[in-house]
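The structure under discussion appears below in the form of structure tokens.
The values are calculated or read from the model by the stated rules, or taken from the named source; none is laboratory data. Please read these numbers as outputs of a predicted model, since none were measured by experiment. Reconstructed Cβ throughout: ideal geometry from the backbone, glycine too, with neighbour counts over all protein chains shown. Side chains are part of the model used for accessible areas, which takes the heavy atoms of the whole protein and leaves out ligands, DNA and RNA. Shrake-Rupley method; radii C 1.70, N 1.55, O 1.52, S 1.80 Å.
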Amino acid sequence: MLQQILRAPALKAILIQLLAFPLMLLLVYGLARAGIAMSLLAVAGVQGVLAAAITWRAGLARWWCAIGLLFAPALLGASRLDLPPLVFLLGFVFLLSLYWSTFRTQVPFYPSGPKVWQAVADLIAQRPGVRLVDIGSGLGGLVLDLARRRPDGQFCGIELAPLPWLLSRLRARLAGSSARFLRGDYEALDFGQYDVVFAYLSPAAMAALWIKAEAEMLPGSMLLSYEFKIAAREPDKTIAATGRGPLLYIWCF
């Protein structure tokens, strides 16, 4: 657990900001000695550029470069809003409940969409009584849609973040849906209990997902991954579910 936290990109991003700070001070000091005065916004911009450059050099994903670039200017802007501390606390609690352990799993909140749901429905059309699990089910859109289309099937979603999981449960109850939603890590599931496993995770999670799928999924089952491929094995089929958007990858066992 500690090793996972130490390898987390979020922790690396914080350390990069700390590393960029003295470099920024040296640069701003040198410019001041040269007679070039800088506003606070310009100083925050220098901090952001340095953090983004170090982030890129460290090999983190591209979105971390954007976060590194915008973090200091955003912090300065928020401080100038003069909002009550309660607003920031509520914002923190909301984001925590939404993203929860993203720092550890490296899987942010990725919603799919109706076109992807339709593609999955087509893939399982000839599987009576199909058992499907959506790992990282978010707000539960896929699972609820399939449960509505296929009352003969068993559709389950598992989500680690508490807010999306709770909203999924509420949506299922209000709709009278047979869809089930579990809160937890999909690592605790036995993939052998499902005919189809659907994943919309992140590049960082795909290697571990394949190891689990290869060890547990039974002959005749399918692993579906939207947008992100598995390096260990080429997919057996690829579907352009959203036209020119990301692809849906299928591996058959």
Q: Using the heavy atoms of the protein chains and a 1.4 angstrom probe, tell me the accessible area per residue for the chain in square angstrom.
A: 57 Å²
(Q) Can you compute the helix-only [θ] at 222 nm over the chain? Use -39500 (n - 2.57) per DSSP H run of at least 4 residues, normalise by all residues, nearest 500 deg cm²/dmol. (A) -17000 deg cm²/dmol
**Q.** FRET efficiency, residue 231 to residue 82 (Cβ-Cβ, R0 41 Å, nearest 0.05)
**A.** 0.25
Q: Please report, as a whole percent, how much of the solvent-accessible surface of segment 145-225 comes from carbon and sulfur atoms (probe radius 1.4 Å).
A: 57 percent
Q.
I need the helices of the chain that pass two filters: whole DSSP H segments spanning 24 Å or more by Cα along the axis, and mean Kyte-Doolittle score no lower than -1.0.
A. 9-33, 40-58, 62-81
**Q.** Label corresponding to Cα extents along the principal axes in Å when calculated from the structure given, among (i) 115, 39, 35; (ii) 78, 37, 34; (iii) 76, 41, 39
**A.** (iii)
Q) Taking the alpha-carbon centroid of each part, what is the distance from segment 176-253 to segment 18-92 in angstrom? A) 38 Å
Q.
At 0.36 nm per residue, and after removing the present C-alpha to C-alpha distance, how many nm does the segment from residue 208 to residue 41 gain when stretched out fully?
A. 55.9 nm
Q. How large is the charge dipole for the chain, taken about the Cα centre, if only the Cβ atoms of Lys, Arg (+1) and Asp, Glu (-1) carry charge, to the nearest 20 debye?
A. 400 debye
Q | Dipole of the chain, positive direction: furthest Cα of 205, 65, 83, with charges on the beta-carbon | A | 83
Q) Under a 5 Å amide H to amide H cut-off, with H placed in plane at 1.01 Å, what residues pair with residue 157 once short-range neighbours are removed? A) 134, 180, 181, 182
(Q) Taking 45 Å as R0, compute the FRET efficiency from the Cβ-Cβ separation of residue 218 and residue 11 and round it to 0.05. (A) 0.75
Q | Mean Cβ neighbour count within 10 Å, used as a protection proxy, ranking 129-138, 224-233 highest first | A | 129-138, 224-233
Q: Could you rank 210, 56, 64 by how accessible they are, 1.4 Å probe, largest area first?
A: 56, 64, 210
